[in-house]
Every structure is written in structure tokens, then in C-alpha cells.
Amino acid sequence: MRKPITCPESAHLEEIEFCEDPLSGRILGVKSCTVFSPPESVDCEIVCAALLNRRLETELARTTQTGQIVVQRPSLSTVAPASRPDPDEDSE
């Protein structure tokens with residue numbers, strides 16, 4: 001999955017490609033990030049992944065406490081809205 005998010009370390013909008021667990025939706029790692037050159041040479045604490053995983057866990061816990069049924073996991077686009085269209089989404 002590739003998403004534009006605000007990097008917690010650089011404070012800039014960066015294009016980040018995540019490795020994601022298909023069952024839980026948890027982020028397992030970062031494949032590439034535009035902070036680095038080349039983007040595949042990720043060399044940081046990957047705080048972004050930890051923050052996104054914490055948000056996912058919070059949303060799931062809140063949903064479980066209220067007794068609502070989880071239909072889909074939270075979208076990462078709600079973390080940092082993209083200023084440009086997502087190339088992975090179909091346009092009508």
C-alpha cells in the first residue's frame with residue numbers, strides 16, 4: 001500500500017509504501033519513503049508505522065467497546081489527507 005502522509009520526523013508530506021498484514025491491517029514495515037534517496041533505502045525509526053498502528057488499535061478498541069460491528073478497517077487517508085489523487089484508486 002502506498003499513501004501520502006505527513007512524516008512525523010521531517011514534518012513534510014511524503015509518499016510512503018507500507019508492507020501490511022492482510023488480515024489485521026497492521027503495518028509491518030516500510031518498503032520505501034520519499035524522505036530517502038533512493039526511496040528504498042529507508043533508514044529511520046519508522047515512527048509513522050507505529051503511529052498508524054496505534055490509530056488502528058484505538059479505532060478497533062473503540063468499536064469493540066461500543067458493540068458496533070467492524071465492517072472495514074479505518075482508512076489511512078483519514079490520518080493525513082492527500083493533496084493529490086491516489087493512483088491506486090479508480091477514477092470515474
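Bear in mind that the values in this text are calculations on the coordinates, not laboratory data. As the structure is a computational prediction, the values presented were derived from the model and not from experiment. Virtual Cβ from ideal backbone geometry, glycine too; neighbours counted across all protein chains shown.
Each label point is 7 Å from the Cα along the Cα-to-Cβ direction; what then is the distance between the points at SER24 and LEU60, in nm?
Rounded to a tenth, the inter-label distance reads 0.6 nm.
Let's see if you can work this out: charge +1 on each Lys and Arg Cβ, -1 on each Asp and Glu Cβ, no other charges. What is the dipole magnitude of the range 2-69 about its Cα centre, in debye to the nearest 20?
320 debye
Expected output is a single nm value to one decimal: the length gained when fully extending between PHE36 and LEU51, i.e. 0.36 nm times separation in residues minus the C-alpha distance. What is it?
Extra length from PHE36 to LEU51 when fully extended: 3.4 nm.
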